[in-house]
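The structure appears right after this line, and notes come after that.
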Amino acid sequence: NAGVTQTPKFQVLKTGQSMTLQCAQDMNHNSMYWYRQDPGMGLRLIYYSASEGTTDKGEVPNGYNVSRLNKREFSLRLESAAPSQTSVYFCASSEIAREQYFGPGTRLTVT
Amino acid sequence: LAKTTQPISMDSYEGQEVNITCSHNNIATNDYITWYQQFPSQGPRFIIQGYKTKVTNEVASLFIPADRKSSTLSLPRVSLSDTAVYYCLFGGTGFQKLVFGTGTRLLVSP
């Protein structure tokens, strides 16, 4: 039982490049989330998916798109990366919103 | 959005009890209080939740007064491995977005 897995663990992009962060959970949770965490800061919600087939914007959605591929997988896409998107990205899943399970994170640097 | 206030940082020594208090003045009737722990370079980890009075598990205790406008996370006999950031949040039973503040950075020294 792996919980929440994220790939890749690290990524360096040049400004303007695109990439997709992958997230999968094996806990049969309905809800999934993408957060970003900047140094010394708390987590900020980018997008979330309350259930399979639905996605909604969080606090900081600009510059990102998401796809809830199926119940297990929720991907985050950066279409044209910017230095301001340098951050650590966490995916989470939950059955109850207040009890979320987080992945190990993806450390992204945009130069 | 749900708003909590907690100390930015706290220091302690191994073996001591640590109490971290969080205020949540605008908590709603159906909201639960939840605490997460985050180690460096890891995602947050859910550690405890409660609605009122006291909840205890193998990791911590959570004390919630009758007015529920604050809560206290208690870590008994901390060790170096308890050095982490602790986040207080509250939310209801339905789906909703959680708001993570900046948390309390706990440093445990030998």
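Just so you know, all these numbers are worked out from the coordinates, no wet-lab data involved. Values in this document were obtained by computation on a predicted structure and should not be read as measured data. In this analysis, Cβ positions are derived from the backbone assuming ideal geometry, glycine residues included, and neighbour counts consider all displayed protein chains.
Just a few scattered comments:
- Residue by residue along A:39-47, Cβ atoms of other protein chains within 10 Å of the local Cβ number 4 on average.
- Here the simple spin-label model places points 7 Å from the Cα toward Cβ, and for A:Asn30 and A:Leu69 these points are separated by 2.3 nm.
- Taking amide H as placed 1.01 Å from N in the peptide plane, the amide H of A:Tyr47 sits under 5 Å from that of A:Trp34, A:Gly58, each at least 5 places away or on another chain.
- Per-residue HN-Hα couplings for segment A:72-87 [Karplus 6.51, -1.76, 1.60; θ = phi - 60°; Hz; x = Gly/Pro]: 7, 10, 9, 10, 10, 10, 9, 6, 8, 5, 10, x, 5, 8, 4, 5
- Residue order, fewest to most beta carbons within 10 Å, for B:Glu58, B:Glu14: B:Glu58, B:Glu14
- When Rg and the Kirkwood Rh are both derived from Cα coordinates, the Rg/Rh ratio for segment A:25-111 amounts to 0.95.
- GNM top mover of B:Thr83, B:Thr56, B:Thr72 - chain B, alpha-carbon springs below 10 Å: B:Thr56
- Under-5 Å amide H pairs with B:Phe100, H placed in peptide plane, nonlocal only: A:Leu43
- Between B:Asn26 and B:Asp11, the modelled label-to-label distance comes to 3.5 nm, taking each label 7 Å out from Cα in the direction of the beta carbon.
- In order through segment B:36-45: 3J(HN,Hα) via Karplus (6.51 cos²θ - 1.76 cosθ + 1.60), integer Hz, x for Gly, Pro: 10, 10, 10, 7, x, 6, 10, x, x, 10
- Residues whose amide H falls under 5 Å from that of A:Ala97, counting only those 5 or more places apart or on a different chain, are B:Gln96, with hydrogens built in the peptide plane.
- Taking one quarter of the surface of the C-alpha convex hull of chain B gives a mean projected area of 6.6 nm².
- Each residue of the protein assembly as shown gets 119 Å³ once the volume of the Cα convex hull is shared out per residue.
- The listed peptides A:11-17, B:30-36, ordered by packing as a protection proxy, come out as B:30-36, A:11-17 (highest mean of other Cβ atoms within 10 Å first).
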